[in-house]
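Asker: The structure under discussion is supplied below as structure tokens; questions concerning it will follow.
The values are calculated or read from the model by the stated rules, or taken from the named source; none is laboratory data. Remember, it's a predicted structure, so these values are computed and weren't measured experimentally. Here the Cβ positions follow ideal geometry from the backbone for every residue, glycine too, while neighbour counts run over all protein chains shown.
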Amino acid sequence: MKNWKVRYSYLPQQFKKIDHILKRVKKVIQTGDFTLGKELNLFEKNFAKLIGTKYAVGVNSGTDAIKISLAAVGIKAGDEVITAANTFVATVGGICELGAKPVFVDVLENYCLNADLIEAKITKKTKAILPVHFTGYTPNMSKLMAISRKYKIPVIEDACQGILSSYNNKNSGTWGVTGCFSLHPLKNLNVWSDGGLITTNSKKIYEKLKLLRNHGLINRDEFTITGYNSRLDTIQAAVGNCLIKDVKKLTQQRISNAKFYDSKLEKIKQIKIPKREKNNRNVFHLYVVFAEKRNQLLKYCLEKGIECKIHYPKELYLQKGLRFLKHKRGDFPVTDWQCKNIISFPVDQYLSKKQLSYVTKAVENFYKLSI
């Protein structure tokens with residue numbers, strides 16, 4: 001492994017001291033309470049409280065959170081689901097697993113779905129709108145919910161990158177019928193494997209979600225619908241219960257780190273920082289800006305020991321796996337431009353001010369040298 005001066009993954013730092021987690025996991029192992037256990041029930045309550053909903057349901061992954069949420073509102077083969085053109089493959093994976101068709105809408109400067117373009121994409125087959133809280137930004141949920149009410153189309157929020165992000169002081173995952181969250185190891189709230197959660201304020205949807213994640217079983221021997229095997233493991237829930245108390249603090253640190261980056265990078269004319277809207281709380285699952293000579297900057301930073309990333313370098317709608325949608329380059333021009341210009345810098349809560357400064361100085365030096 002390369003000895004990075006500014007590494008991207010913070011997991012070794014986060015789990016340097018784990019005795020308290022192992023102690024809790026050991027208790028679960030000793031009871032054999034591995035499936036739909038007490039720790040999971042507690043974690044679901046803790047998460048619902050954190051987000052501000054009545055209910056939360058633990059599932060196998062963020063992808064399954066999307067799929068099961070769509071199934072809960074009746075999405076089936078042949079239906080259309082409107083979503084953002086620049087999202088991660090998991091968003092469309094959740095749609096396609098049900099045999100439904102993703103219908104893309106271009107995005108705004110903040111990487112989020114452009115609500116003003118949605119109505120033009122609505123057809124008789126449109127059965128859900130799936131906004132993506134990309135990088136930790138939240139879409140204009142007020143506009144989205146107005147469209148939802150007008151056309152009576154349910155909103156399912158892909159908030160997998162948006163734990164504690166908010167729009168107009170209302171948390172992601174509290175606007176739509178459900179909110180879908182990921183517990184992937186590099187998410188702001190993580191566990192030791194894949195995992196996901198679904199939030200909702202609807203008792204009816206909550207009960208259906210619980211059936212869908214567990215084969216449709218109402219007891220050991222009877223099922224009322226056919227569902228999925230998508231339970232969040234009790235052991236992972238125990239890990240989550242240890243970490244959830246730190247989420248607000250670490251989120252604030254990420255926001256603070258991003259503000260430091262902004263203060264330095266905004267002085268570099270070749271860097272464009274997305275507009276920071278006061279009513280949009282970005283929790284910076286990713287810190288992404290636009291950069292001239294992006295590929296050269298990426299190479300320079302990597303050579304200087306800064307583990308930068310690109311999220312994502314190839315347009316989703318042009319990927320081989322979605323050729324059946326028959327899109328062509330240029331269908332989503334903002335998405336196209338962003339793919340060519342975005343770059344992600346490490347922003348996690350364990351970075352020192354010295355490391356953050358090293359990143360910004362490296363960017364500044366690159367553009368000085370490239371003039």
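Asker: Can you tell me how many residues in segment 1-19 are basic (Lys, Arg) and under 13 Å from residue 355 (Cβ atoms)?
Answerer: The qualifying residues number 2.
Asker: Which of the following residues is more than 27 Å from residue 353 (Cα to Cα), crowded, with 17+ Cβ neighbours inside 10 Å, out of contact with any Leu (no Cβ under 8 Å at 6 or more places or on another chain) and not aromatic (Phe, Trp, Tyr): 193, 202, 182?
Answerer: Working: 193 fails: crowded, with 17+ Cβ neighbours inside 10 Å; 202 fails: crowded, with 17+ Cβ neighbours inside 10 Å.
After ruling out the rest, the residue left standing is 182.
Asker: Considering each of 177, 155, 92, 107 in turn, give the residue that is among the aliphatic types (A, V, I, L, M), in the same structural domain as residue 56 (by TED's automatic domain parsing), touching a strand residue (DSSP E or B) at 6+ places or on another chain (Cβ under 8 Å) and without any contact (Cβ under 8 Å) to a residue 60 or more places away in the chain. If you could, list the steps in order and put the result at the bottom.
Answerer: Details: 177 fails: without any contact (Cβ under 8 Å) to a residue 60 or more places away in the chain; 92 fails: without any contact (Cβ under 8 Å) to a residue 60 or more places away in the chain; 107 fails: without any contact (Cβ under 8 Å) to a residue 60 or more places away in the chain.
The match here is 155.
Asker: Could you go through segment 179-190 and let me know if any residue there is under 12 Å from the mean Cα position of the chain (by Cα) and closer than 26 Å to residue 124 by Cα.
Answerer: Yes, there is a match, as at least one residue in segment 179-190 is under 12 Å from the mean Cα position of the chain (by Cα) and closer than 26 Å to residue 124 by Cα.
Asker: Testing residue 256 on (1) among the polar types (S, T, N, Q); (2) in contact (Cβ under 8 Å) with a residue 60 or more places away in the chain; (3) outside the structural domain of residue 160 (by TED's automatic domain parsing); (4) surrounded by fewer than 21 Cβ atoms within 10 Å (Cβ to Cβ), one condition comes back false. Which one is that?
Answerer: (2) is the only condition that residue 256 fails.
Asker: Still on this structure: Find the helices (runs of 4 or more DSSP H) located wholly in segment 191-303 whose residues include 2 or more that are touching a strand residue (DSSP E or B) at 6+ places or on another chain (Cβ under 6 Å), and list them.
Answerer: Correct list: 203-212, 247-265, 294-303.
Asker: When the residues of segment 229-277 are narrowed to those that are among the hydroxyl-bearing types (Ser, Thr, Tyr) and out of contact with any Lys or Arg (no Cβ under 7 Å at 6 or more places or on another chain), which ends up farthest from residue 41 (Cα to Cα)?
Answerer: Result: 263.
Asker: Those residues that are under 15 Å from residue 90 (Cβ atoms) and part of a loop (DSSP other than H, G, I, E, B), I need them from segment 178-190; list them, please.
Answerer: Scanning segment 178-190 gives 183, 184, 185, 186, 187.
Asker: Within the bounds of segment 353-370, is there any residue that is part of a loop (DSSP other than H, G, I, E, B), in contact (Cβ under 8 Å) with a residue 40 or more places away in the chain, crowded, with 18+ Cβ neighbours inside 10 Å and not hydroxyl-bearing (Ser, Thr, Tyr)?
Answerer: No.
Asker: Working carefully through the options 120, 90, find the one that is out of contact with any Ser or Thr (no Cβ under 6 Å at 6 or more places or on another chain), in a helix (DSSP H, G or I) and of a type in the set (Gly, Ala, Ser).
Answerer: Going through 120, 90 in turn, just one is out of contact with any Ser or Thr (no Cβ under 6 Å at 6 or more places or on another chain), in a helix (DSSP H, G or I) and of a type in the set (Gly, Ala, Ser): 120.
Asker: Of the numbered conditions (1) without any contact (Cβ under 8 Å) to a residue 12 or more places away in the chain; (2) within 21 Å of the chain's Cα centre (by Cα), residue 338 satisfies every one except a single condition; which is it?
Answerer: Condition not satisfied by residue 338: (1).
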